[in-house]
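Peer 1: Quick one: the structure is below, and I'll ask about it shortly.
The values are calculated or read from the model by the stated rules, or taken from the named source; none is laboratory data. It should be emphasised that the depicted structure is a prediction, and the values quoted were computed from it without experimental measurement. Note that each Cβ is placed from the backbone with ideal geometry, even for glycine, and that neighbours are counted across all protein chains shown. All accessible areas refer to the heavy atoms of the entire protein, side chains included, with ligands and DNA or RNA removed. Shrake-Rupley method; radii C 1.70, N 1.55, O 1.52, S 1.80 Å.
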Amino acid sequence: MLDKNYKTTTAIGKWSCILAFALLSACQGNGGKKTAASVADQHAPLFSNFKYTGDDQVYKENKLAEGEFYNPILQGCYPDPSITRKGNDYYLVNSSFVMFPGVPIFHSNDLVNWKQIGHVLDRETQLKVGEAGISEGIYAPDIMYNPNNDTFYMITTQIASGIGNMVVKTKDPKAGHWSDPVKLNFGGIDPALFFDDDGKAYVVHNDAPDEGKEQYKGHRVIKVWEYDIEKDQVIEGSSKIVVDGGVDLSKQPIWIEAPHIYKRNDKYYLMCAEGGTGANHSEVIFVSDHVSGPYIPAGQNPILSQRHLDKNRPNRVEWAGHADLVEGHTGEWYGVFLAVRPNNAQQVNTGRETFILPVDWSGEWPVFEGGMDPLKPTVRMPKGVKNLQHTDGYFPNGNFVFADALSAKELDDRWVALRGPRETFLQISDQGTYLRPYPVDISEKKPISALFYRQQHNTFSAEVQMSYSPRSQNDMAGLTCLQSERFNYVLGVTLLDEQPYIVLTRAENGQTKIIAKEQLSKTDLVGLKVSADGDKYQFSYAESGSAYKNIGSTVSGDILSTDVAGGFTGAMIGMYSTSANKSKL
């Protein structure tokens, strides 16, 4: 039987997985009539010995001193962070869009050293994104602990599923078993929960202005609802607009969103993102004597932003905002937020990442330490904390190597699929992991047979070994660098004129072209590799026993950036298998 994260094993799990393939085959186009004897019999590629190496110059130039750790704390596409605390336990979640499982969740006892403990949405009854575009799905999750009933809540917006705003809950995030979603009866996005001292609960969220009152494009409002904890539903008729437009409506501020309410010294503080999630992103704050307002903006807003700084500064960090605050168990405050690190072409390939800063709340307003200055690659540690980030089990940052033989009993939580469960197409063996090909091309808005690892550095390399024998030009398997279904590279093995070839394809705005191809002598074992230095990407392959050979010269990583591809995700590196290859001559 699969565990709470639906991870396969090499022994009992092997046969469970085979049974699952047979049961789920109807969903994959064979009508459920074929019994899967094994994945290998289905001409599935076998992947082994994946290795990712990050090598950014900023970390070479900024070695950690005593009492420091690196920012961002979660590198790569881990956007829209939210944080909560129970005692000495801290929990952090991120947006996951159509990644499956969804909403990665991390745990720490000190705000420095984090372990991924799984995903909040790890089954299909919670996550319905099978036909969604890559930047749809799960937006801006908020995690909150309610001490009044000793329960953790995760509230979010699930786009393109018909669900909309929803909430799940659990008594113990470490044990998993988050509930199935409850659909919430309000519109808009970015909901967050607030639990007051008297036991009452509230939902705050972004929404459109009342009908007929929109004054400009990007005009949004913040609403507050009373929330019935027993029914897990907002109370009809209780909504109230508490912020109209933003800090100063006369300046037409755009996209007030990602609200959070905090209570301190009997005052209610409302913190929101403003300016959109791109170059004008910022964090602003308001205060009120009552949870339902009126809320008055601070005299000095924003309290966090990088938009006003010199664009030629070294080691630029941009787009800072979408923050959440937590009071540490030692009395210190910290804030997590998203930001990006452009590459040497000033494009964003690694996506929106999770950063953290100490917050000084000794006065009336919370102040991010250095939040309006150029963000540095290092941040001071809380008192008495040791940096354990490169020890086993803790999430690494800075420059690091992630190596996975792909034969462990449990799949690492950093591996994700798109739009559907990993376990419907993979089987782990002692030799590596088989990916059963789907009759679905990477360009389609459907679950695909692919495992993805986030690109976490601007300078990196990733390689994997693959054993594979395609039967026709419809079959292809290999390595992909993907920003979306419309923008990606694939380095794959297929048949052309009944001969095995390695091909490099480039998909731009939905149009896929083979930009390089070379005939292979055999395909029993092929090494596949991608390396990048900022915008310059190179793909390589190695036949059995030979050195890596470049194919396609140097190509631009522009299509792997949000600047070109659009959307909200970062680039991902994947192992991919299909029996419906569309990239043909």
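Peer 1: Apply the Karplus curve 6.51 cos²θ - 1.76 cosθ + 1.60, θ = phi - 60°, to the phi angles in region 80-87 and return the couplings in whole Hz, x for Gly and Pro.
Peer 2: 6, x, 9, 9, 8, 9, 10, x
Peer 1: Additional query: Multiply the residue separation of GLN252 and GLN215 by 0.36 nm, subtract the distance between their alpha-carbon atoms, and state the gained length in nm to one decimal. Numbers along the way, then the final one.
Peer 2: Working: separation 37, 0.36 × 37 = 13.32 nm, distance 0.82 nm.
Working it through step by step, the gained length comes to 12.5 nm.
Peer 1: Let me ask you something else. Candidates [x] 29.8; [y] 24.6; [z] 25.5; which is the computed Kirkwood radius over Cα pairs in Å?
Peer 2: Structure-derived value, by its label: [y].
Peer 1: Further question: Kindly list the residues of region 360-390 that lie in the label zone of LYS267, defined by a backbone N under 16 Å from the point 7 Å along the Cα-to-C-beta vector.
Peer 2: Label zone hits: 360-368.
Peer 1: Taking 7 Å along the Cα-to-C-beta vector as the label spot, tell me the THR330-LEU388 distance in nanometres, rounded to one decimal.
Peer 2: Once both label points are built, they end up 1.5 nm from each other.
Peer 1: With the cut-off at 21 Å, report for region 170-316 the share of all Cα pairs above it, as a whole percent.
Peer 2: Tail of P(r) above 21 Å: 49 percent of Cα pairs.
Peer 1: May I ask you to evaluate 6.51 cos²θ - 1.76 cosθ + 1.60, the Karplus curve with θ = phi - 60°, for each residue of region 212-224 and list the ³J(HN,Hα) values in order in whole Hz, giving x for glycine and proline?
Peer 2: x, 10, 5, 9, 6, 5, x, 6, 9, 10, 10, 10, 10
Peer 1: Nearest 500 deg cm²/dmol is fine: what mean residue ellipticity at 222 nm does the chain get from its DSSP H runs of n ≥ 4 alone, each adding -39,500 (n - 2.57), divided by its residue count?
Peer 2: When only DSSP H runs of four or more count, the value is -1000 deg cm²/dmol.
Peer 1: Would you list the P(r) distribution for region 446-585, with all Cα-Cα distances sorted into 5 Å bins from 0 and each bin expressed as a whole %?
Peer 2: 2, 10, 22, 25, 21, 13, 5, 1, 0
Peer 1: Taking amide H atoms as placed 1.01 Å from N in the peptide plane, list the residues 5 or more away in sequence, or in a different chain, whose amide H sits under 5 Å from that of GLY118.
Peer 2: ILE105
Peer 1: While we're here: For ARG436, list long-range residues whose amide hydrogen, built 1.01 Å from N in the peptide plane, is under 5 Å from its own amide hydrogen.
Peer 2: Sorted by chain and number, the residues that satisfy this are LEU426, GLN427.
Peer 1: Evaluate the relative contact order of the chain (contact order divided by residue number), counting alpha-carbon pairs under 8 angstrom at least 6 apart; express in whole percent. Don't skip to the end; give the middle numbers.
Peer 2: Values: 1585 pairs, mean separation 103.0, N = 585.
Rounded, it is 18 percent for the chain.
Peer 1: Moving to a separate point now. Roughly how many percent of the accessible protein surface of region 396-553 is carbon and sulfur, given a 1.4 Å probe and a whole-percent answer? Working shown, then result.
Peer 2: Numbers: 2270 of 5470 Å².
Exposed carbon and sulfur together represent 41 percent of the surface.
Peer 1: So which of LYS445/LYS549; LYS200/LYS383; LYS311/LYS536; LYS183/LYS240; LYS51/LYS445; LYS217/LYS513 end up more than 25 Å apart by C-alpha?
Peer 2: Pairs exceeding 25 Å: LYS445/LYS549; LYS200/LYS383; LYS51/LYS445; LYS217/LYS513.
Peer 1: Now for a separate question. Looking at region 266-377 from every direction and averaging, what is the projected area of its Cα convex hull in nm²? Show your work: numbers first, answer last.
Peer 2: Details: hull surface 31.0 nm².
Approximately 7.7 nm², given one-decimal rounding.
Peer 1: OK, next. Need the C-alpha centroid separation for region 85-161 versus region 410-464, integer Å.
Peer 2: With region 85-161 and region 410-464 each reduced to a Cα centre, they are spaced 20 Å.
Peer 1: So, one more: Just how far, in whole angstrom, is region 522-542 from region 289-320 if you go by their alpha carbon centroids?
Peer 2: Centre-to-centre distance over Cα atoms comes out at 41 Å.
Peer 1: A follow-up question, please. Is the C-alpha gyration tensor of region 460-502 telling us rounded, prolate or oblate? Criteria: a/c under 1.5 is rounded; beyond that, a/b larger than b/c is prolate, otherwise oblate.
Peer 2: Values: a/c = 2.88, a/b = 1.53, b/c = 1.88.
Taking the square roots of the gyration eigenvalues as a ≥ b ≥ c, region 460-502 is oblate.
Peer 1: Further question: For region 108-223, build the charge dipole from Cβ charges (+1 Lys, Arg; -1 Asp, Glu) around the Cα centre, then report which of ILE143, PRO209, SER179 sits farthest towards its positive end.
Peer 2: Result: SER179.
Peer 1: Same structure again: Tell me the label-point distance for the pair THR125, GLU236, using the 7 Å Cα-to-Cβ offset, in nm and rounded to one decimal.
Peer 2: Roughly 2.7 nm, to one decimal.
Peer 1: Apply 1/(1 + (r/R0)^6) to the Cβ-Cβ distance of LYS376 and ALA208, taking R0 = 56 Å, and write down the FRET efficiency to the nearest 0.05.
Peer 2: With R0 = 56 Å, the Cβ-Cβ based efficiency is 0.90.
Peer 1: Right, here's the next one. Can you classify region 369-428 as rounded, prolate or oblate using the Cα gyration tensor, where a ≥ b ≥ c are the square roots of its eigenvalues, rounded means a/c under 1.5, and otherwise it's prolate if a/b beats b/c and oblate if not?
Peer 2: prolate
Peer 1: Report the calculated FRET efficiency for ASP244 and ASN49 (r = Cβ-Cβ distance, R0 = 56 Å), to the nearest 0.05.
Peer 2: Numbers: r = 56 Å, r/R0 = 1.00.
Given R0 = 56 Å and the Cβ-Cβ separation, E is 0.50.
Peer 1: Given the options SER467, LEU92, GLY293, identify the residue whose Cα lies farthest towards the positive end of the charge dipole of the chain (+1 on Cβ of Lys, Arg; -1 on Cβ of Asp, Glu).
Peer 2: It is SER467, whose Cα lies furthest towards the positive end.
Peer 1: Could you sort 105-115, 537-547, 317-327 so that the peptide with the highest average Cβ count within 10 Å comes first and the rest follow in order? Mind dumping the intermediate values first?
Peer 2: Values: 105-115: 20.5, 537-547: 16.5, 317-327: 24.0.
Highest mean packing first, the order is 317-327, 105-115, 537-547.
Peer 1: Further, regarding this structure: Using 0.36 nm per residue of separation minus the Cα-Cα distance, give me the extension gain between PHE402 and ALA65 in nm, one decimal. Don't jump to the answer; show the numbers that get you there.
Peer 2: Details: separation 337, 0.36 × 337 = 121.32 nm, distance 2.35 nm.
This chain segment gains 119.0 nm when fully extended.
Peer 1: Something else: Using a probe radius of 1.4 Å on heavy atoms only, what accessible surface per residue do you get for region 352-486? Whole Å² is fine.
Peer 2: Numbers: 4700 Å² over 135 residues.
On a per-residue basis, region 352-486 sits at 35 Å².
Peer 1: Starting from region 135-198, pick out the trypsin sites (Lys or Arg not before Pro) whose DSSP state is loop and whose Cβ has at most 16 other Cβ atoms within 10 Å.
Peer 2: LYS171, LYS174
Peer 1: Also, quick follow-up: Name the lysines eligible as straight-distance cross-link partners of LYS446: C-alpha to C-alpha under 16 Å, and not fewer than 8 places from it in the same chain.
Peer 2: In chain and number order, the partners are LYS128, LYS582.
Peer 1: Can you classify region 488-543 as rounded, prolate or oblate using the Cα gyration tensor, where a ≥ b ≥ c are the square roots of its eigenvalues, rounded means a/c under 1.5, and otherwise it's prolate if a/b beats b/c and oblate if not?
Peer 2: oblate
Peer 1: Compute the FRET efficiency between ASN185 and GLN300 as 1/(1 + (r/R0)^6), taking r as their Cβ-Cβ distance and R0 = 30 Å, and round to the nearest 0.05.
Peer 2: Between ASN185 and GLN300 the formula returns 0.20.
Peer 1: Using the crude model of +1 on Lys and Arg Cβ and -1 on Asp and Glu Cβ, and no other charge, please compute the dipole size for the chain relative to its Cα centre, in debye to 20.
Peer 2: Dipole about the Cα centre, nearest 20: 1480 debye.
Peer 1: When we measure straight from the Cα of LYS386, which aspartates and glutamates land under 15 angstrom away, once same-chain ones fewer than 8 places off are left out?
Peer 2: GLU66, GLU68, ASP110
Peer 1: Further, regarding this structure: Using all alpha carbons of region 393-471, what is the percent of pairwise distances in each 10 Å bin, ordered from the shortest bin to the longest?
Peer 2: 14, 44, 34, 7, 0
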